[in-house]
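Asker: This is the structure I want to talk about, given as structure tokens.
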Amino acid sequence: MDDGGHVQAMREGFHINWMNMRDASTGQVMWESGEWDCDQEEMEAQIPCEILRCRQVSRELNFSSVEVITSLRLVQSVIFKGELLEEWNFHFGFVIPNSTNTWQQTIEAAEEEEMLPAELLSGNVVIETTFFDGEYPIMTQRVRIWYL
């Protein structure tokens, strides 16, 4: 299969099954969702504002891939009112074909005085996550955050 055909097959065979976010210090699940429609341009998530008080948030992502992925990574961008606020890069590595995997990352919070209040963030923040195999984009998921 040529590179273009393999990349297209990766895109068609890559699925997010579920995701959760926890307070990394207590393990308490703060938010979870098993409803991922990767074909939607933008999804919405309602997250408790208490998550903004966590010093570290652990994100657990369960995904499936039909195709082999040699170097899975993701770039996550935090966009506030159309402007890039933060960007994080995470590397998973090799993904076995026809496999389901769970990937956990820990995200450090900004210092409390640097945090914007939930009322200002709610509805104005979009988390854009792009999955790559090396330099080839597999999929991009945009989630607009509403804090409760």
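Asker: Roughly what would the spin-label model give for Thr102 and Val66, points 7 Å off Cα along C-beta, in nm?
Answerer: Once both label points are built, they end up 2.6 nm from each other.
Asker: Evaluate the distance, in nm, between pseudo-label points positioned 7 Å from the Cα of Phe80 and of Thr26 along their respective Cα→Cβ axes.
Answerer: Here the modelled spin labels are 2.5 nm apart.
Asker: About the Cα centre of the chain, how large is the charge dipole given +1 on each Lys and Arg Cβ and -1 on each Asp and Glu Cβ? Please answer in debye to the nearest 20. Mind showing how you got there, number by number?
Answerer: On the way: 9 positive and 26 negative charges, 65 e Å.
Here the chain has a charge dipole of around 320 debye.
Asker: May I ask for the percentage of alpha-carbon pairs in the chain that lie more than 28 Å from each other?
Answerer: On the way: 2181 of 10878 pairs.
The share of Cα pairs beyond 28 Å in the chain comes to 20 percent.
Asker: To the nearest 20 debye, what charge dipole does the stretch 65-131 have about its Cα centre, counting +1 at the Cβ of each Lys and Arg and -1 at the Cβ of each Asp and Glu? Intermediate values should be presented prior to the final figure.
Answerer: Working: 2 positive and 11 negative charges, 106 e Å.
For this selection, approximately 520 debye.
Since every read-out is calculated from the coordinates, none of them should be taken as a lab result. Keep in mind that what you see is a predicted model, and the values were worked out from it rather than measured. Here Cβ is always computed from backbone atoms with ideal geometry, including for glycine, and neighbour counts include all displayed protein chains.
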